[in-house]
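Q: Structure in structure tokens, see below.
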Amino acid sequence: MNDAPKRDASANSGATEPEQAGLGLGVNAPAASYRVLARKYRPSNFDDLIGQEAMVRTVSNAFETGRIPQAWILTGVRGVGKTTTARIIARALNYELADGSVKGPTIAMPALGLHCQAIMESRHIDVIEMDAASHNGVDDVRQINDAIRYAPVSARTKVYILDEVHMLSTAAFNALLKTLEEPPPHAKFIFATTEIRDVPVTVLSRCQRFDLRRVDAAVLVKHLAGIAEKENIGAETEALALIARAAEGSVRDALSLLDQAIAHAAGKLRAADVRGMLGLADRTRVIDLFESLMKGDVAAALKELREQYDIGADPLVVLADIAEFTHFVTRIKIVPAVADDISLGESERTRGRALAATLSMRILSRTWQMLLKGIAEVQGAGRPLAAAEMLLVRIAYVADLPTPDEVIRSLDDGGAAPARPQGNGGGASAGPVSAAPAAAPRQEAPRYDAPRGGGGPRAMAVQSAPAPQHKAPVAQSAQTLAIKSFADLVALASDKRDIQMKIALERDVRLVRLEDGQLEIALEPHAAKTLVNDLSRKLQAWTGRSWMVVISREAGQATLKAVADVRKAELEIGVRADPLVKAVMERFPGAEIVGVRGGKDAPPELLETVDEPEIPLPDDIGFGDNWERDE
């Protein structure tokens with residue numbers, strides 16, 4: 001008895017286009033009958049889906065084993081096939097042939113079934129598609145809750161497809177929860193969204209989630225080539241690669257761009273036509289511009305940018321292409337197999353390999369950082385072309401400069417700073433070029449070497465006599481501990497790991513007199529009011545006997561920190577007078593000495609102020625420029 005309505009449904013599903021329904025549009029109206037490629041080649045079964053193998057395998061296994069959930073949620077960027085996949089699942093749930101050979105849901109759909117055409121065209125009475133962006137209220141969800149109780153009219157399963165489900169209001173989500181968790185056996189839900197983070201976790205926990213990933217560019221190129229062949233359109237592989245790259249993994253975007261490119265070319269699809277349509281610069285010219293920058297050839301780089309600008313290339317797009325190629329060369333340097341991607345042109349792959357072998361990771365990283373910051377500047381500039389040119393000048397100038405470690409090594413050898421050759425890849429040099437002949441013998445000076453190990457970037461070490469270490473108090477018995485000097489007291493606080501007391505002794509205490517069991521001091525104005533009591537109590541605990549700590553009216557000696565600051569200044573003055581330091585400072589204008597560290601090879605006269613054991617040397621010496629050293 002149910003055969004009649006099913007046959008009626010199949011008859012209704014046969015009309016696929018308006019002209020087939022007898023609207024009499026005539027044969028001379030091709031524009032009305034034309035379907036864009038994104039709709040014409042929309043997948044109708046799981047075999048047609050590309051780039052979503054993980055999702056297809058999971059759904060296929062669920063159908064074969066009968067473990068079909070009550071709800072799915074599909075997420076991904078625009079154009080990867082969320083709505084299309086939802087329709088395919090709805091078709092598989094309701095697949096039925098006229099001979100009755102199919103008894104339940106199946107993924108094997110070799111031919112159109114009774115409901116397939118209507119489902120794929122979104123006009124089946126039992127497969128309800130709702131745009132949640134325009135029907136996002138609680139009243140719309142109440143209509144679903146009321147209608148879901150009734151059995152399907154002609155199909156096996158009633159399916160609700162909610163597109164852009166993240167647009168539902170909070171009240172609408174709450175109204176849907178109970179129905180979503182326990183729908184009738186004849187009903188299923190399929191949600192699609194581009195903003196999965198906006199969907200409440202209470203909804204996500206009731207659905208099986210599938211993340212549809214971007215389609216790989218190589219897969220997309222093959223797909224576009226197959227469609228171009230079906231459309232009898234000749235297309236260059238490089239042209240299809242440009243479209244695939246511009247689509248950024250979206251199949252729908254790629255087909256829309258292909259449609260536009262076919263109309264733009266009016267014949268064979270060439271790479272030059274696609275570049276003109278998309279406003280892209282020639283990839284070969286982008287690589288030429290990149291090479292000019294790495295050679296430090298500013299004139300050639302500016303000339304190339306101007307020529308690309310004159311033929312219609314956007315300066316911002318050119319800079320983005322240079323940044324993309326920089327990233328590509330860096331990836332090749334780390335993973336050489338990246339250059340085998342068929343979506344890339346032969347010239348791009350070959351020259352990318354050559355540049356990866358020539359350029360150092362330091363130069364590539366520095367170029368990438370400058371481009372990243374410079375592109376943001378160009379976006380906000382009133383004159384983008386001028387801002388882009390200034391960015392290229394900075395990159396080319398930096399590519400031609402020697403790095404700090406090269407300057408230090410050349411100065412250590414007694415020669416001038418290394419010079420980079422112009423116009424022949426000097427900026428791409430991985431190491432220093434030969435330095436000038438050594439200068440005449442000079443007086444022995446402290447030796448400056450790039451630090452080894454964990455010294456960190458922007459650091460230069462001054463090797464001098466090692467800083468004396470504080471020793472534990474010298475006189476000690478089983479029960480008591482004798483303190484003979486103020487240095488012993490500071491060392492004792494450090495040995496007891498009382499950092500707060502050690503800092504207070506160094507910064508806030510001026511020694512007047514120290515005897516065994518008695519300490520007379522003067523305090524700085526900013527000293528803590530409880531310092532005397534705390535020090536007396538801790539001395540008793542540390543030494544095993546009572547101490548008398550009193551505040552004197554005398555001025556006392558200078559604090560240890562004040563003495564250390566004076567000696568640090570004297571030491572820094574001596575370092576600034578050294579010829580090597582002078583040469584480095586002249587080579588890098590704006591650099592600053594931020595500290596000095598002693599080493600074993602420093603002459604005694606430079607470090608004659610650090611003989612006192614209680615005054616430690618400052619930690620290190622560094623130059624406050626923005627360079628980073630490449631180990």
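Just so it is clear, none of the values below were taken in a lab; they were calculated from the coordinates. Computed from a predicted model, the values in this text were never measured in an experiment. Quick reminder, even Gly has a Cβ in these numbers, built from the backbone with ideal geometry, and neighbours come from all protein chains shown.
Q: Using the Cα centre as the reference, give the magnitude of the dipole from point charges on the C-beta atoms of the range 283-400 (Lys, Arg: +1; Asp, Glu: -1; all else neutral), rounded to the nearest 20 debye.
A: With only Lys, Arg, Asp and Glu charged at Cβ, the dipole is about 400 debye.
Q: Okay, moving on. In percent, what relative contact order does the range 217-278 have, based on Cα pairs under 8 Å that are 6 or more apart in sequence?
A: Reported relative contact order: 38 percent.
Q: Compare the peptides 54-67, 115-128 by average per-residue count of other Cβ atoms within 10 angstrom and give them in order, highest first.
A: 115-128, 54-67
Q: Taking amide H positions as placed in the peptide plane 1.01 Å from N, state which residues far from Q208 in sequence (5 or more) or on other chains have amide H under 5 Å from it.
A: Close amide H contacts, sequence-distant or interchain: A71, W72, I73.
Q: Between the range 276-323 and the range 106-122, what's the alpha-carbon centroid distance in Å?
A: Comparing the Cα centres of the range 276-323 and the range 106-122, I get a distance of 50 Å.
Q: Let me ask something else. Classify the range 175-301 as rounded, prolate or oblate from the Cα gyration tensor: take a ≥ b ≥ c as the square roots of its eigenvalues, call it rounded if a/c is under 1.5, otherwise prolate when a/b beats b/c and oblate if not.
A: Since a/c reaches 1.5 but b/c is at least a/b, the shape of the range 175-301 is classed as oblate.
Q: Counting each pair of different Cα atoms once, what's the Kirkwood radius of the range 3-211 in Å, rounded to one decimal?
A: 18.1 Å
Q: Report the Cα centroid-to-centroid distance between the range 502-518 and the range 33-64 in angstrom, as an integer.
A: What the calculation gives is 82 Å, centre to centre.
Q: Another one. Beta carbons within 10 angstrom, averaged per residue: use that to sort the peptides 84-93, 292-301, 329-338, highest first.
A: 84-93, 292-301, 329-338
Q: Given H placed 1.01 Å from N in the peptide plane, which residues other than close sequence neighbours of K158 have an amide H under 5 Å from its amide H?
A: Residues meeting the criterion, in which the H sits 1.01 Å from N, are A187, K188.
Q: Something else: Going by how many other beta carbons lie within 10 Å of each one, how would you line up I227, I161, fewest first?
A: I227, I161
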